[in-house]
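Inspection log for the structure reproduced underneath, given as structure tokens.
The values are calculated or read from the model by the stated rules, or taken from the named source; none is laboratory data. Just so you know, these numbers come straight off a predicted model, no measurement behind them. Every residue, glycine among them, receives a Cβ derived from its backbone with ideal geometry; neighbour counts consider all protein chains shown.
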Amino acid sequence: MSNALENPSDRKAYVVTGPTSGIGRATAFELAKYGTVVLVGRDPGKLEEMRELIAQKGQHAVSVVCDLSDLASVRRAAAEIIALHLPIAGLLNNAGMMQPRARNALGWDMTFATNHLGPFALTEALVPHLADGANVVFVGSGTEDPARRPATAVGFRGGRYISAEASARGEWVPGGSAIPGGDAYATSKQCNIVTAMAFARETPRLHFNAVEPGFNPTTGLGQRDANVLLRFLVKYIIPLLVPLLMPFMKILSTSKRAARVISKILTDISGQSGIYYDEGGQPMPGSTFVRDPKFQDRVVAETRALLATVPI
């Protein structure tokens, strides 16, 4: 972790998880224009590289190592962030993965732990230390909605939530996606969105929102185990095609476009809360589940109960 004394204490601070690639990286660069960025990620080397790149622009960042799939790591990271004594104006829960059949040290589904349980625990730990009016944004996904045609067209079947415990075990409502890890990913993203909605009602002094960043085929999500040809296409060919196709395919986006939308929400001072934004920054409904306050409260209560079983 870099020295917090390098950063003026009166600068607003923005916490970004998953800041070393894709949307998180682009958003960290955007937010550095507004204040100090707290870079939260697993790889110390990549975090330091990001911090140095931001510093080269005359801006400020500090890094905190955190594996969101590991609750002990999340708790340590939260304590480190709090100890920085920075005026946190925004928190972006961006880090995510889709890693089929992987388990964390507790035996929990890695995708669900990384995408939902870790960000939930980090947010709850930081909430008492966020300045009044701070913005918290969860990155969701349209894959959670079984009625969203672009998601169903590629094989997703919406969130398949049974309970927080069942999700941790890797169990989902039957009849879901044939995509390896698809149910875990869609369900975790549904939980991200409902967490934002429930927290918005619970803590009105802060502003909680969720955002669908659009389909960005150039991010690393889901590509880590891709073959050489697919990695070549993702790195060199697809980035050239996406801007050309975006006017005709609303859901298509880029990391930079998503970063602009997310940064606008994170720096907004209008007080908007409890909104699920689409890839263009406009409110969208989401599935019937994410619009149901009873479902929102159930997910939050069950998540808290599950996390409480892990000794501090």
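Scanning region 178-213 for residues that are among the hydrophobic types (A, V, I, L, M, F, W, C) and over 14 Å from the mean Cα position of the chain (by Cα) turns up 178, 179, 184, 197, 198, 199, 200, 206.
Matching residues to (1) surrounded by 16 or more Cβ atoms within 10 Å (Cβ to Cβ); (2) modelled with pLDDT of 95 or more; (3) within 22 Å of residue 296 (Cα to Cα); (4) small (Gly, Ala, Ser):
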{"position": "66", "(1), (2), (3), (4)": "yes, yes, no, no"}
{"position": "82", "(1), (2), (3), (4)": "no, yes, no, no"}
{"position": "118", "(1), (2), (3), (4)": "yes, yes, yes, yes"}
{"position": "125", "(1), (2), (3), (4)": "yes, yes, yes, yes"}
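State whether the residues of region 184-206 include one that is among the hydroxyl-bearing types (Ser, Thr, Tyr), under 21 Å from residue 69 (Cα atoms) and touching a Gly at 6+ places or on another chain (Cβ under 7 Å). Within region 184-206 (the criterion being among the hydroxyl-bearing types (Ser, Thr, Tyr), under 21 Å from residue 69 (Cα atoms) and touching a Gly at 6+ places or on another chain (Cβ under 7 Å)), the answer is yes, since at least one residue qualifies. For beta carbons closer than 9 Å, sequence separation of 6+ or different chains, a first residue in region 23-35 that is of a type in the set (Lys, Arg) and a second that is part of a loop (DSSP other than H, G, I, E, B) and surrounded by fewer than 23 Cβ atoms within 10 Å (Cβ to Cβ), the qualifying pairs are 33/57; 33/59. Select from region 16-44 the residues that are farther than 17 Å from residue 95 by Cα and of a type outside the set (A, V, I, L, M) and write down the one among them that is surrounded by the most Cβ atoms within 10 Å (Cβ to Cβ). Per the criteria, the residue is 36.
Return a yes/no flag: does region 102-112 have any residue that is under 19 Å from the mean Cα position of the chain (by Cα) and more than 25 Å from residue 183 (Cβ to Cβ). Among the residues of region 102-112, not one is under 19 Å from the mean Cα position of the chain (by Cα) and more than 25 Å from residue 183 (Cβ to Cβ), which makes the answer no.
Within region 136-150, the set of residues being surrounded by 23 or more Cβ atoms within 10 Å (Cβ to Cβ) and either polar (S, T, N, Q) or in a helix (DSSP H, G or I) (or both) comprises 141, 142, 143, 144. Here residue 160 qualifies as surrounded by 14 or more Cβ atoms within 10 Å (Cβ to Cβ), among the charged types (D, E, K, R) and under 27 Å from residue 70 (Cα atoms). The single condition among (1) out of contact with any helix residue (DSSP H, G or I) (no Cβ under 9 Å at 6 or more places or on another chain); (2) within 23 Å of residue 276 (Cα to Cα); (3) modelled with pLDDT under 80 that residue 217 does not satisfy is (1).
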